[in-house]
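As structure tokens, the structure follows; a few thoughts come after it.
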Amino acid sequence: MQKISIKDFKNLKNLTQKKHRKQQQMLIVEGENIIFQLLDNHLKPEHIYITESYLNTHYQYLEKHISWSEDIKERIQLIDPQKVKQVTDTESPQDIIATVHFSPTPVNENGRLLYLDGIQDPGNMGTILRTALAAGIDGVLISPECCDVMNPKVVRSSLGAIFFCPLSFSNPEFLTQNHYHIIASTLADSKSIYELKNIPAKSVIVIGSESKGISDILSQNAHEKIHIPMTPKIESLNAAISAAIILYYIKGIEINEYKS
């Protein structure tokens, strides 16, 4: 097994920067859980980097997950633990990382979608994508003001969901020009989510940032505005929690529609 070359390590360091991730459409994935999940879904990393310690103590676990493709072994290289620390942003990084091409899963534009309007926190972004994939949403649309979806914190908090959740990038005008039924989550001039009974087939749920809420153009063009009822002691919910509640409430409506 070869050690990582100077050239490959330079490229690995480049991927810690947003501009290089965007240019190459590639990102760094850290840790067994996510890497094994990708491998189990037959997503082949460009390279897998492991330390000597990992080779001596955990390599047999990796072998079980790469048995479906012999050539993956040729993509595995050894890396020094100090080099791992230079390309990851966790305090105690794991002894296995990988570089993976990022090619978003296509969105069903005629389905029920989720629009993320200016979500800046990477942890929230990753959690929302993870929840959207679990709930089976037809697609997630990312506004230009959102954080970088290839940010390492997004990848970790999504537990790899960014590779499988249907997503696309679009501005608010896309929703208004393509005649979506817009349901905006906002506290202002809105009804309880429990009053929401029917969701048109071509619709979009809008979740705004915790600091700014939804943009004016979407607020003005929303067909319905909803909020999650809360006790007076709490002013608002985390954006990721709000998205989860709304997505699964809508999932319940879809199930009832199917049954009827």
Practice problem: Could you give me the residue pairs with C-beta distances under 6 Å whose first residue belongs to region 234-260 and is farther than 16 Å from Tyr194 by Cβ, whose second residue is part of a helix (DSSP H, G or I) and of a type outside the set (S, T, N, Q) wherever it lies, and which are 6+ apart or on separate chains? | Solution: Ala240/Ile128; Ala243/Ile128
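Of the residues Glu224, Glu195, Glu210, which single one is out of contact with any strand residue (DSSP E or B) (no Cβ under 8 Å at 6 or more places or on another chain) and either acidic (Asp, Glu) or on the phi > 0 side of the Ramachandran plot (or both)? Before the answer, list the steps.
Details: Glu224 fails: out of contact with any strand residue (DSSP E or B) (no Cβ under 8 Å at 6 or more places or on another chain); Glu195 fails: out of contact with any strand residue (DSSP E or B) (no Cβ under 8 Å at 6 or more places or on another chain).
None of the other options fit; the residue is Glu210.
For every residue, the table says whether it meets (1) buried (at least 16 other Cβ atoms within 10 Å of the Cβ); (2) over 23 Å from Gln120 (Cα atoms); (3) hydrophobic (A, V, I, L, M, F, W, C).
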{"residue": "Asn198", "(1), (2), (3)": "no, yes, no"}
{"residue": "Gln220", "(1), (2), (3)": "no, no, no"}
{"residue": "Lys225", "(1), (2), (3)": "yes, no, no"}
{"residue": "Lys233", "(1), (2), (3)": "no, yes, no"}
{"residue": "Ser242", "(1), (2), (3)": "yes, no, no"}
Exercise. Have a look at Leu55, Leu116 and point out the one that is open to solvent by less than 80 Å² (accessible area, probe 1.4 Å), at pLDDT 95 or above and closer than 30 Å to Thr186 by Cα.
Key: Leu116
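Given the residues Lys19, Lys3, Lys7, Lys64, which is the only one that is closer than 30 Å to Pro144 by Cα and of a type in the set (Lys, Arg)? Before you say what the answer is, go through the steps one by one.
Working: Lys3 fails: closer than 30 Å to Pro144 by Cα; Lys7 fails: closer than 30 Å to Pro144 by Cα; Lys64 fails: closer than 30 Å to Pro144 by Cα.
Just one listed residue meets the conditions, Lys19.
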Quiz item: Of the residues in region 112-143, how many are over 15 Å from Phe169 (Cβ atoms), in contact with a Pro (Cβ under 9 Å, 6 or more places away or on another chain) and part of a loop (DSSP other than H, G, I, E, B)?
Solution: 2
Self-check item: Pair list, Cβ under 6 Å, 6 or more apart: region 152-177 residue under 26 Å from Thr88 (Cβ atoms) and open to solvent by 20 Å² or more (accessible area, probe 1.4 Å), other residue at pLDDT below 95 and in a loop (DSSP other than H, G, I, E, B)
Solution: Pro152/Asp89
Quiz item: Restricting attention to region 34-48, does a residue exist that is under 18 Å from Lys85 (Cβ atoms), part of a helix (DSSP H, G or I), open to solvent by 70 Å² or more (accessible area, probe 1.4 Å) and not small (Gly, Ala, Ser)?
Solution: no
Self-check item: Residue among Phe169, Phe163 that alone is touching a Phe, Trp or Tyr at 6+ places or on another chain (Cβ under 9 Å), aromatic (Phe, Trp, Tyr) and modelled with pLDDT of 95 or more
Solution: Phe163
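Take region 200-218 and flag every residue that is open to solvent by less than 60 Å² (accessible area, probe 1.4 Å) and either at pLDDT 95 or above or not in a loop (DSSP other than H, G, I, E, B) (or both).
Of the residues in region 200-218, the ones open to solvent by less than 60 Å² (accessible area, probe 1.4 Å) are 200, 203-209, 213-215, 217-218.
Ser203, Val204, Ile205, Val206, Ile207, Gly208, Ser209, Gly213, Ile217, Leu218, listed by residue number.
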Exercise. Could you tell me which residue of region 68-78 is nearest to His42 (Cα to Cα), considering only residues that are under 27 Å from the mean Cα position of the chain (by Cα) and open to solvent by 60 Å² or more (accessible area, probe 1.4 Å)?
Key: Trp68
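For region 84-111, give me each residue that is open to solvent by less than 70 Å² (accessible area, probe 1.4 Å) and part of a helix (DSSP H, G or I).
Within region 84-111, the subset open to solvent by less than 70 Å² (accessible area, probe 1.4 Å) is 84, 87-88, 90, 93, 95-100, 102, 104-105, 107, 111.
Hits for region 84-111 are Val84, Val87.
The values are calculated or read from the model by the stated rules, or taken from the named source; none is laboratory data. Quick caveat, the model's predicted, so the values are computed rather than measured. Because the Cβ atoms are built from the backbone with ideal geometry, glycine has one as well, and the counts that use them run over all protein chains shown. We work out accessible area using only protein heavy atoms, side chains counted, and drop any ligands, DNA or RNA first. Shrake-Rupley method; radii C 1.70, N 1.55, O 1.52, S 1.80 Å.
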